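Notes to accompany the following structure.
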């Protein structure tokens, strides 16, 4: 039986035989291509993640800022009760937002590694290899997820010490792992896109510092969207970080509830990550120019 191939894919999947006739790959060829893509993606992710072993202090130093937010800002605002959180203790409300902030700060500056790799000639070797550009970008995004999970462990320990009411359900913990990886992948790919466009470390650092604070404050990380002015609510609803925080707040906290819906949170983060990976794959060769 002749295998059906969607018309939209025929231009990409068609191959030319020695006789000049076009041949479409079989199901086995497609599975082999998918398997090869996954293998190459995981190889790049493993290569990037192993860098953590060479400098584990980077994870600890990056944990200082979220620790200060929880210990000082969280404790103070819990006592004065200045921000309405629907009867929830402010420190509990804030803990998931600080985890999202920590992941954001790690991911948004990961793109500078692309510029270093270009200066060292590594980018040119990657581009000369048969590895798909999307696999290169996605592999780096997953490696950022590993760094994000390391931060999640630290935030969980701090939250436990501070008496935050955590949800220890295994499925909830698995959901936290998924949303942290998605959040890190999303913002690290966004960072890679910026690096491909600006191409210099100085301009990248300047843009990264300009973007992090607006992304953080124009979200529901440290106050509910409902108390924001109308124009800021529009921005918050367009900010992927708001959906990451909402999902973490639902999964991390005992009795946590979602404002936008847990399914919507995961869907928005997944779509944002996929779109950014595709854009990053398209722009990736530009960093070497």
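Summary table below
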read-out: Residue match in segment 262-278 (condition: surrounded by 15 or more Cβ atoms within 10 Å (Cβ to Cβ) and at pLDDT below 90); value: no
read-out: Members of segment 248-258 found to be surrounded by 17 or more Cβ atoms within 10 Å (Cβ to Cβ) and modelled with pLDDT under 90, listed by number; value: 256
read-out: Only listed residue being in contact (Cβ under 8 Å) with a residue 60 or more places away in the chain, surrounded by fewer than 20 Cβ atoms within 10 Å (Cβ to Cβ) and in a loop (DSSP other than H, G, I, E, B), chosen from 130, 84; value: 84
read-out: Output for segment 171-202, where each listed residue is touching a helix residue (DSSP H, G or I) at 6+ places or on another chain (Cβ under 9 Å), assigned to a helix (DSSP H, G or I), modelled with pLDDT under 90 and surrounded by fewer than 16 Cβ atoms within 10 Å (Cβ to Cβ); value: 197, 201
read-out: Yes/no for residue 63 being in contact with a helix residue (DSSP H, G or I) (Cβ under 9 Å, 6 or more places away or on another chain), at negative phi and modelled with pLDDT of 80 or more; value: no
read-out: Number of the exception - residue 264 against (1) in a helix (DSSP H, G or I); (2) under 30 Å from residue 116 (Cβ atoms); (3) under 17 Å from the mean Cα position of the chain (by Cα); value: (2)
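The values are calculated or read from the model by the stated rules, or taken from the named source; none is laboratory data. Only a predicted model underlies this, so the values are computations on that prediction, with no experimental measurement involved. Don't worry about glycine lacking a Cβ; one is built from the backbone with ideal geometry, like all the others, and counts go over all protein chains shown.
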